[in-house]
1. Restricting the search to region 7-18, which residues are farther than 11 Å from Leu48 by Cβ and open to solvent by less than 80 Å² (accessible area, probe 1.4 Å)?
2. Evaluate region 63-79: report whether one residue or more is open to solvent by 80 Å² or more (accessible area, probe 1.4 Å) and within 20 Å of the chain's Cα centre (by Cα).
3. Looking at region 32-62 only, could you name the residues that are over 19 Å from Gly9 (Cα atoms) and in contact (Cβ under 8 Å) with a residue 12 or more places away in the chain?
4. Loosely packed, with under 11 Cβ neighbours inside 10 Å and within 24 Å of Ser83 (Cα to Cα): which single residue out of Gly132, Gly187, Gly161 fits that description?
5. Name the pairs: first residue in region 106-117 and farther than 12 Å from Ile139 by Cα, second residue open to solvent by less than 70 Å² (accessible area, probe 1.4 Å) and of a type in the set (Val, Ile, Thr), Cβ to Cβ under 8 Å, at least 6 apart or on different chains?
6. On the basis of being modelled with pLDDT of 95 or more, surrounded by fewer than 16 Cβ atoms within 10 Å (Cβ to Cβ) and of a type in the set (D, E, K, R), does Glu141 make the cut?
7. Restricted to region 19-32, and to residues that are over 13 Å from Ile77 (Cα atoms) and open to solvent by 40 Å² or more (accessible area, probe 1.4 Å), which residue is nearest to the chain's Cα centre (by Cα)?
Amino acid sequence: MNGEEQAQGEKRVMRLLVEPLKKRGLAKPTTLTVAGFDEMIRDMCARLAYMSEASLMALEEQVAANPGGKDRDRFPISNLILSWAADIQPPGDGASPLIRAVFAHACGQTALAEGWAPELLAELRKTRRWPGGWTLKTIREGAGPALRRLHDLDARLAREGEIGPADRDWRDQRLAAIRRCWEIAEGQA
């Protein structure tokens, strides 16, 4: 997302999410100062700039139905709103600094070199959490069947010159997923 798209997205979030919630009477959380609330809104708008109009309207409806505070008249904390937003419209790979950071890190580079980067990407999309050693080991082991299948298909393709349509489609999808992971690692996503 370039700077202009980001700015337009932030305005869209203000227009379709924040302003309607304020019109409904939701106020700042009592735990935040006015400056803190303004910063929360700015940060939330920046993080949700990727969302479509329809998704933002759905998010506004969900937030309005689940207000925070003792009297249920406050904005929920942004972490909760961001979580709901990810359920409604998950951010794309390029929209996540976490995913880019993991693929730039040694663990992501290892996943790329060893061929289990698509499984790492799927885990990051699901959990939105930096993977620890045990998680990486589990992902690597879980990728074993896909790695063996790709190796077997490549060997059969080299040996016989062709593979069946279902195998070809699976191989093409796997290679596209690996290319996508490389693009993320190289900062092109």
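The values are calculated or read from the model by the stated rules, or taken from the named source; none is laboratory data. Source: prediction; values computed, not measured. Backbone-built Cβ (ideal geometry, glycine too); neighbour counts: all protein chains shown. Note: areas computed on protein heavy atoms with side chains; ligands, DNA, RNA excluded. Shrake-Rupley method; radii C 1.70, N 1.55, O 1.52, S 1.80 Å.
1. Of all residues in region 7-18, those farther than 11 Å from Leu48 by Cβ come to 7-8, 11, 15.
Hit for region 7-18 is Ala7, nothing else.
2. yes
3. Correct list: Phe37, Gln62.
4. Gly132
5. Close Cβ pairs (under 8 Å, with a partner that is open to solvent by less than 70 Å² (accessible area, probe 1.4 Å) and of a type in the set (Val, Ile, Thr)) amount to Leu112/Ile178.
6. Working: modelled with pLDDT of 95 or more: yes; surrounded by fewer than 16 Cβ atoms within 10 Å (Cβ to Cβ): yes; of a type in the set (D, E, K, R): yes.
Criteria met by Glu141.
7. Glu19
Residues are listed down the side, and each one gets a yes or a no for (1) free of Cβ contacts under 8 Å to residues at least 60 places away in the same chain; (2) assigned to a helix (DSSP H, G or I); (3) under 26 Å from Ile99 (Cα atoms):
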position	(1), (2), (3)
Pro131	yes, no, yes
Lys137	yes, yes, yes
Glu141	yes, yes, yes
Ala166	yes, yes, no
Trp170	yes, yes, yes
Gln173	yes, yes, yes
Ile178	no, yes, yes
Gly187	no, no, yes
